[in-house]
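First up is the structure itself, then whatever we jot down about it.
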Amino acid sequence: MNILVVNCGSSTVKYQLFQMEDEDHYNVMAKGVVERIGIPGSRLEHHTPSGDFVEEQPVANHRVALELVLATLTAGKARVLSSIREIEAVGHRVVHGGEKFTGSVLITDEVLAAIRSFADLAPLHNPPNILGIEACQELMPGTPQVAVFDTAFHGTLPEYAYIYPIPYEYYEKYRIRRYGFHGTSHRYVAERAAKMMGRDLGELRLITCHMGSGVSFAAIRYGKSIDTSMGFTPLEGLVMGTRCGDIDPAIIFFLMDKEGLSAKQVEEILNKKSGVLGVSGISSDTRDIEDAAPHNHRARLTLEIIAYRAKKYIGAYYAILGGLDGLVFTAGIGENSSYIRKSICSGLEHLGILIDDERNTVRRKEAFISRDDSPVKVMVIPTNEELMIARDTWRIVRTMR
Ligand code: ADP
C-alpha cells in the first residue's frame, strides 16, 4: 500500500511517501518539505533514493503546496509514481485531538468537524492541519485519509494526573486539563525500546525523553502513558529552545504589572523568548550553548538548569512508575548530545541509572548507552513519527478492504 504522510505546519508541509508491505516491511519512496508557504522565498526540497531535487516557486497556500508535492511525486525527473491514483491512503499528523480521540481514526465529515472544534485549544497547529486535510480531500477525492493525533497516546492519563487544581468549572466549561503532546514520538520510542530490550512493552516501566526544540518527558507503565510533562499547551514542563516550561504562574501577573505588558505580550515572552534562549541570551540551539559554555557563565547555567530540571522529572516519574526498567532519549538533543545525556544521568546512579561514557558517544542511531550492569537500561532511539503515522494509516485502511 502506498501511503502519503503529511504534516502541515503554519508555513510548511512536510511529507513522506511510504510503500508498506506490512507494519514492519516498508520502503520510503520519497520525502521532502515545502517551506515558506504564503511568504516570499517558497521552495520545495524533495529527496528520493535516486537523488535530491529543489524547486523554487511562489506557493500561496497549503493547497498549492500539496499540488506541488503531488506533481513532483508523479511527474518530472524526481517522480516516483505514475499517477496520483497510486497513492492509496493519506496519513495526517494532527496536533490536538481533544478528549475525543485517544487513537488514530479515519477522517469523516464528523471527525473533521471535531478537529475544527479543537482549534482554540491549538490555535497555531490545528488550523494548518485542517487545511492539509481539506486540500488532500480535494486533490485526491475518494482516497482514505487518516488522522494521527499528538495528544492521543496520553489519553490514558488518570484523572488525577490530568485535572489541574483550579476551579473544576473551568474543566467543565473549557476542557482545561493536561493533554500532553509528542504522543506519536513517545509511542514509537517506547515500542522500539521494548524491542531493543527483548521484552514485552506490557511489562515495562519506561521514561521517554523527547528533547528537540520542544521537550517533553512521558512516564509509560505497561505500554500506557500515565503522565507527561506538557500540559494544556506545549508550554508546560521542561526547559525548551524558546519556551519556559514550569514557572510560578504569579510571574506572569508580576511582569504584566511591572513592565506594563498585556497578556498577549507575556505569552509571547514565555513561548518565544524564554527557555534556552532566554537564560543564555545566546541562542535557542543547545549546540551553540555547548560551544559557548567553556567561556560563558550563562551558557553553563543554561545547561545546568536543563539537566537539573530533567533529573527532577525523572525522579518524579520514577516514583509514580514504582521503579524503572528503561530510560529513552530521542529527538534532536536526545539523539545527538552526549553532553546533555550525561549531565542528566550523572547523579542518578542511586536510581540504577549507570551510563557508559564510550557508548554515550553515539549519535542518531539506536543504541544502549548504559553499562551492562546498569539496572535501568538507558537507550538512544531516533524518533520516527512519520513511520508511526504510516503504520496507523496502514492498519486502519487495511481493515476497510
Ligand atoms: P524539532 O522539535 O524542531 O523537530 P529537533 O528534534 O530537530 O526539533 O531538535 C532540534 C534541536 O536539537 C536543536 O534546536 C538543537 O538544540 C538540538 N540538536 C540538534 N543536533 C544537535 C547536536 N548535534 N548536538 C546538540 N544538540 C543538537
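In the chain, the convex hull through the Cα atoms has an average projected area of 21.4 nm², a quarter of its surface area.
Listed values for segment 366-374 are Karplus-derived 3J(HN,Hα) couplings in whole Hz (6.51 cos²θ - 1.76 cosθ + 1.60, θ = phi - 60°), namely 5, 6, 7, 10, 8, 6, 4, 8, 6, and x replaces Gly and Pro.
When a 1.4 Å probe is rolled over the protein heavy atoms, the share of accessible surface on segment 178-326 that falls to carbon and sulfur comes to 53 percent. With helices as the sole contributors, the chain gives -11000 deg cm²/dmol at 222 nm; each DSSP H run of n ≥ 4 counts as -39500 (n - 2.57), and the sum is divided by every residue.
Measuring between their Cα centroids, segment 162-196 and segment 1-24 lie 24 Å from each other. Think of each Lys and Arg Cβ as +1 and each Asp and Glu Cβ as -1; about the Cα centre, that makes the dipole of segment 2-149 roughly 380 debye. By the rule of a C-alpha distance below 23 Å, with chain neighbours fewer than 8 residues away ignored, the lysines paired with K100 are K173, K224.
Rolling a 1.4 Å probe across the protein heavy atoms gives segment 107-236 an accessible surface of 41 Å² per residue.
Summary value for the chain: 13 percent relative contact order, contacts being C-alpha pairs under 8 angstrom separated by 6+ residues.
Using the Cα gyration tensor of segment 257-310, with a ≥ b ≥ c the square roots of its eigenvalues, what is the shape: rounded (a/c below 1.5), prolate (a/b larger than b/c) or oblate (neither)?
Verdict is prolate for segment 257-310.
For the Cα atoms of the chain, what angle does the longest principal axis make with the long axis of helix 183-197, in degrees from 0 to 90, nearest 10? Long axis of 183-197 versus the principal axis of the chain: about 70 degrees.
When DSSP beta bridges are restricted to pairs lying wholly in the chain, around 70% turn out antiparallel. Once the Cα atoms are used to define both axes, helix 250-259 deviates from the longest principal axis of the chain by about 80 degrees.
In the neighborhood of A292, defined by Cβ-to-Cβ distances under 14 Å, what is the net charge if each Lys or Arg adds +1 and each Asp or Glu adds -1?
Charge balance near A292 sits at -2.
Projecting the Cα atoms of G132, L327, V59 onto the dipole axis of the chain, where Lys and Arg carry +1 and Asp and Glu carry -1 at the beta carbon, places L327 farthest toward the positive end. The heavy atoms of S343 present about 30 square angstrom of accessible area, all protein chains included, probe 1.4 Å.
For segment 280-390, the dipole from Cβ point charges (+1 on Lys and Arg, -1 on Asp and Glu) about the Cα centre works out to 280 debye, to the nearest 20. Counting only Cβ charges, +1 for Lys and Arg and -1 for Asp and Glu, the dipole size of the chain around its Cα centre is about 180 debye. Relative to the longest principal axis of the Cα atoms of the chain, helix 385-399 runs at roughly 50 degrees. Spatial offset of segment 264-291 relative to segment 29-85 amounts to 32 Å, using the alpha carbon center of each.
The values are calculated or read from the model by the stated rules, or taken from the named source; none is laboratory data. From a predicted model like this one, the values you see are computed outputs, not experimental measurements. All Cβ positions, even for glycine, are placed from backbone atoms using ideal geometry, and neighbour counts span all protein chains on display. Ligands, DNA and RNA are excluded from the accessible area calculation, which covers all protein heavy atoms including side chains. Shrake-Rupley method; radii C 1.70, N 1.55, O 1.52, S 1.80 Å.
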